[in-house]
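Enquirer: The structure's right below; bear with me while I get my questions together.
The values are calculated or read from the model by the stated rules, or taken from the named source; none is laboratory data. Remember, predicted model here, so these are calculated numbers, not experimental data. Note that each Cβ is placed from the backbone with ideal geometry, even for glycine, and that neighbours are counted across all protein chains shown. Protein only, heavy atoms only, side chains kept; ligands, DNA and RNA dropped before computing areas. Shrake-Rupley method; radii C 1.70, N 1.55, O 1.52, S 1.80 Å.
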Amino acid sequence: MVMETPELLHIQSLFKEMQSKIESLESLLKSAHSANSEPKNKDLYAALAKAQAEFRVAGKDRDNNHFKYRYADLAAVVKASREALSKNGLAVSQILGYEGEKLHLYTRLTHASGQSIESKTYIPPNADVQKLGSYITYMRRYAYAALAGVVVADEDDDAEDAVQGIRNEFA
């Protein structure tokens with residue numbers, strides 16, 4: 001028969017404590033493995049893929065007379081996607097918020113499961129409220145289309161706008 005001395009009781013206590021910590025670590029490792037084997041936002045991305053298959057192309061429904069081009073406004077972008085997003089348990093929300101002194105537009109795509117992805121767009125300061133409002137609407141349209149994956153008719157100009165200034169500079 002083993003005599004239970006204070007030292008032996010202390011060693012047994014330490015052993016039980018270590019055994020408990022080992023079990024906790026094993027549990028953490030299992031959950032880390034599980035988290036790595038199952039992609040984050042899996043339900044959201046599956047639903048988004050289904051919704052995108054049902055999106056319509058957003059038509060260019062507005063004219064910019066100053067720069068002489070047509071564009072799809074925010075309503076056209078939303079109309080091209082909202083029904084399919086909703087049908088698949090998805091919603092887009094957009095809010096303005098400050099980080100320190102900087103104003104940002106937060107665009108969040110959320111799934112019914114609670115999974116979400118978000119983009120953050122910096123909004124530069126502008127004392128002219130009309131211009132600020134116009135810029136925010138412009139950025140809402142682009143952020144919504146980019147996050148949800150909405151395509152606008154004839155969107156790709158093969159970088160013509162981007163290289164036109166360079167061509168003029170070297171002409």
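Enquirer: Among what's in segment 116-133 and is over 18 Å from Arg82 (Cα atoms) and charged (D, E, K, R), pick the residue that is nearest to the chain's Cα centre (by Cα).
Expert: Lys120
Enquirer: Is it the case, given these coordinates, that Ala127 is among the small types (Gly, Ala, Ser), open to solvent by 70 Å² or more (accessible area, probe 1.4 Å) and either at pLDDT 95 or above or outside any strand (DSSP E or B) (or both)?
Expert: Working: among the small types (Gly, Ala, Ser): yes; open to solvent by 70 Å² or more (accessible area, probe 1.4 Å): yes; either at pLDDT 95 or above or outside any strand (DSSP E or B) (or both): yes.
Yes: the conditions hold for Ala127.
Enquirer: Identify, please: which residue in segment 77-115 is open to solvent by less than 20 Å² (accessible area, probe 1.4 Å), within 19 Å of Ile136 (Cβ to Cβ) and free of Cβ contacts under 8 Å to residues at least 60 places away in the same chain and is, among those, farthest from the chain's Cα centre (by Cα)? So that I can check it myself, show each step before the final result.
Expert: Taking segment 77-115 first, the residues open to solvent by less than 20 Å² (accessible area, probe 1.4 Å) are 77, 80-81, 84-85, 90, 97, 104-105, 107, 109.
Narrowing the set further to residues that are within 19 Å of Ile136 (Cβ to Cβ) leaves 77, 97, 104-105, 107, 109.
Narrowing the set further to residues that are free of Cβ contacts under 8 Å to residues at least 60 places away in the same chain leaves 97, 104-105, 107.
Details: Gly97: 16, His104: 14, Leu105: 12, Thr107: 7 Å.
Looking at the filtered set, the residue picked out is Gly97.
Enquirer: Examine segment 135-145 for a residue that is under 14 Å from Leu48 (Cβ atoms), touching a Ser or Thr at 6+ places or on another chain (Cβ under 7 Å) and either buried (at least 17 other Cβ atoms within 10 Å of the Cβ) or at pLDDT below 95 (or both), and state whether such a residue exists. Full working, then the answer.
Expert: Filtering segment 135-145 for residues under 14 Å from Leu48 (Cβ atoms) gives 144-145.
Of the ones still in play, those that are also touching a Ser or Thr at 6+ places or on another chain (Cβ under 7 Å) are 144.
Add one more test, that the residue is either buried (at least 17 other Cβ atoms within 10 Å of the Cβ) or at pLDDT below 95 (or both), and what stays is 144.
Within segment 135-145, one or more residues are under 14 Å from Leu48 (Cβ atoms), touching a Ser or Thr at 6+ places or on another chain (Cβ under 7 Å) and either buried (at least 17 other Cβ atoms within 10 Å of the Cβ) or at pLDDT below 95 (or both).
Enquirer: Next question, about the same structure. So Thr121 passes all but one of these: (1) touching a Leu at 6+ places or on another chain (Cβ under 6 Å); (2) modelled with pLDDT of 95 or more. Which condition number does it fail?
Expert: (2)
Enquirer: Return the only residue of Lys30, Lys50 being at pLDDT below 75, surrounded by 10 or more Cβ atoms within 10 Å (Cβ to Cβ), part of a helix (DSSP H, G or I) and not small (Gly, Ala, Ser). Full working, then the answer.
Expert: On the way: Lys50 fails: at pLDDT below 75.
That would be Lys30, the only listed residue that is at pLDDT below 75, surrounded by 10 or more Cβ atoms within 10 Å (Cβ to Cβ), part of a helix (DSSP H, G or I) and not small (Gly, Ala, Ser).
Enquirer: Considering each residue of segment 53-76, count those that are part of a loop (DSSP other than H, G, I, E, B), loosely packed, with under 12 Cβ neighbours inside 10 Å and of a type outside the set (D, E, K, R), and give that number.
Expert: Initial filter on segment 53-76 (part of a loop (DSSP other than H, G, I, E, B)): 55-57, 59-61, 65-68, 72-73.
Okay, now just the ones that are also loosely packed, with under 12 Cβ neighbours inside 10 Å, so 65-68.
With the extra rule that they be of a type outside the set (D, E, K, R), the set shrinks to 65-67.
Of the residues in segment 53-76, 3 are part of a loop (DSSP other than H, G, I, E, B), loosely packed, with under 12 Cβ neighbours inside 10 Å and of a type outside the set (D, E, K, R).
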